[in-house]
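Visitor: First the structure, which I've put down as structure tokens, then a few questions once you've had a look.
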């Protein structure tokens with residue numbers, strides 16, 4: 001059994017549970033990101049994280065290895081992250097990283113070593129459904145910690161080999177188990193949403209990585225120029241602060257238009273959208289989307305799930321979401337992940353949003 005061991009509480013307890021269950025465990029730590037001259041950055045491996053992972057493996061008396069994936073991570077995740085902002089989209093790099101890097105690399109190592117199973121410390125559950133002949137991904141028991149949204153992009157091949165020991169535990173239970181392992185397992189803070197930007201300043205990160213930014217107009221929905229922006233990569237749909245535009249009411253970014261290098265702003269009531277077009281859909285519960293389906297959907301990791309209709313479009317791996325009620329700040333580039341109860345059905349990347357009145361024949 002290969003277990004992703006980051007040095008944090010969750011992966012430590014996941015590994016401990018598997019050892020207690022009698023599995024032969026090898027801890028694998030991925031080095032994903034390190035800024036030159038920084039002495040290491042806090043992604044899946046920082047110097048402190050690596051040390052903790054090694055100490056946890058020693059406590060559990062299991063082998064531990066470090067695998068350097070920095071080049072692969074930069075090509076698949078960092079390049080994607082900067083390119084999406086340049087296109088006026090708001091990306092979620094964790095979704096890409098989980099499928100292509102973390103689970104992809106872990107499974108690749110398992111296959112190379114002829115090891116049948118892999119495991120991580122994610123708060124999700126997986127089970128095989130004989131009627132559907134498919135592996136299903138389900139929300140974690142602790143709904144406050146559920147991470148299924150981030151894993152919607154996993155394949156059937158990956159899910160068939162995955163174990164998630166924390167899926168049926170609460171965070172409190174995990175901390176209680178970690179305390180038995182000692183300080184090495186419990187002294188790390190919760191991980192950040194974007195692990196390679198520890199201070200949360202993605203704009204500085206984009207500048208440091210050479211993202212081109214050309215100033216342009218800030219306009220209202222009628223096209224009236226209200227001000228100037230500093231470059232479309234530095235704005236996201238729903239943003240209110242830092243616009244540099246004075247108005248009687250607070251203004252929000254409604255739309256980012258790379259074609260003419262403009263930012264459209266308006267009042268909060270104008271943020272709401274009725275539909276979204278999805279591309280690059282990954283289906284878990286179904287082999288294909290063949291008809292309209294009633295679902296609940298999350299359009300951001302921290303957003304509540306809301307009811308909607310999911311309709312297939314003619315192009316492969318595309319669909320349209322029609323929300324029961326218009327939703328605010330639905331941002332192209334984010335993932336829309338759809339559920340039925342606790343079962344994650346699938347998800348896709350939001351590429352366009354519309355009011356019902358805006359939809360054309362090809363929307």
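The values are calculated or read from the model by the stated rules, or taken from the named source; none is laboratory data. This one's a predicted model, so the numbers in the text were calculated from it and none came from an experiment. As a convention, Cβ positions derive from the backbone with ideal geometry for all residues, glycine included, and neighbour counts pool all protein chains shown.
Visitor: For segment 203-236, how many residues meet the condition of being touching a residue at least 24 places away in the same chain (Cβ under 8 Å) and crowded, with 17+ Cβ neighbours inside 10 Å?
Guide: 15
Visitor: Right, residue 131: farther than 29 Å from residue 59 by Cα, over 18 Å from the mean Cα position of the chain (by Cα) and not in a loop (DSSP other than H, G, I, E, B) or not? If you could, list the steps in order and put the result at the bottom.
Guide: Working: farther than 29 Å from residue 59 by Cα: yes; over 18 Å from the mean Cα position of the chain (by Cα): yes; not in a loop (DSSP other than H, G, I, E, B): no.
Answer is no for this residue.
Visitor: Give me the residue from segment 3-20 that is surrounded by fewer than 23 Cβ atoms within 10 Å (Cβ to Cβ) and within 14 Å of residue 117 (Cα to Cα) and, out of that set, farthest from the chain's Cα centre (by Cα).
Guide: 19
Visitor: Identify the residue in segment 85-106 that is part of a loop (DSSP other than H, G, I, E, B) and under 14 Å from the mean Cα position of the chain (by Cα) and, among all such residues, is surrounded by the most Cβ atoms within 10 Å (Cβ to Cβ).
Guide: Going residue by residue through segment 85-106, those that are part of a loop (DSSP other than H, G, I, E, B) are 87-92.
Those left that are additionally under 14 Å from the mean Cα position of the chain (by Cα): 90-92.
On the way: 90: 21, 91: 24, 92: 20.
The extreme case among them is 91.
Visitor: Residues that are at pLDDT 90 or above: which helices (runs of 4 or more DSSP H) entirely in segment 156-233 hold 2 or more of them? Working first, answer last.
Guide: On the way: elements: 156-161, 171-181, 183-186, 202-208.
Qualifying helices (runs of 4 or more DSSP H): 156-161, 171-181, 202-208.
Visitor: Moving to a separate point now. What number of residues in segment 333-351 are buried (at least 22 other Cβ atoms within 10 Å of the Cβ) and not in a strand (DSSP E or B)?
Guide: Adding up the residues that qualify gives 1.
Visitor: Quick check on residue 84: is it under 30 Å from residue 207 (Cβ atoms) and modelled with pLDDT under 95?
Guide: On the way: under 30 Å from residue 207 (Cβ atoms): yes; modelled with pLDDT under 95: no.
It is false that residue 84 is under 30 Å from residue 207 (Cβ atoms) and modelled with pLDDT under 95.
Visitor: Can you tell me which residues in segment 139-163 are surrounded by fewer than 20 Cβ atoms within 10 Å (Cβ to Cβ) and over 17 Å from residue 14 (Cβ atoms)?
Guide: Within segment 139-163, 143, 144, 155, 156, 157, 160 qualify.
Visitor: Something else now. Just give me the residues in segment 285-302 being touching a residue at least 24 places away in the same chain (Cβ under 8 Å), closer than 13 Å to residue 150 by Cβ and not in a strand (DSSP E or B), in sequence order.
Guide: 300, 301
Visitor: Right, something else. Name the residue that is nearest to the chain's Cα centre (by Cα), counting only residues in segment 55-77 that are farther than 16 Å from residue 120 by Cβ and crowded, with 18+ Cβ neighbours inside 10 Å. Outline the logic, then answer.
Guide: First pass over segment 55-77, keeping only residues farther than 16 Å from residue 120 by Cβ: 55, 58-59, 61, 63, 66, 68, 70-77.
Narrowing further to those that are crowded, with 18+ Cβ neighbours inside 10 Å: 55, 73, 76-77.
Values: 55: 28, 73: 15, 76: 14, 77: 11 Å.
Once the filter is applied, the top-ranked residue is 77.
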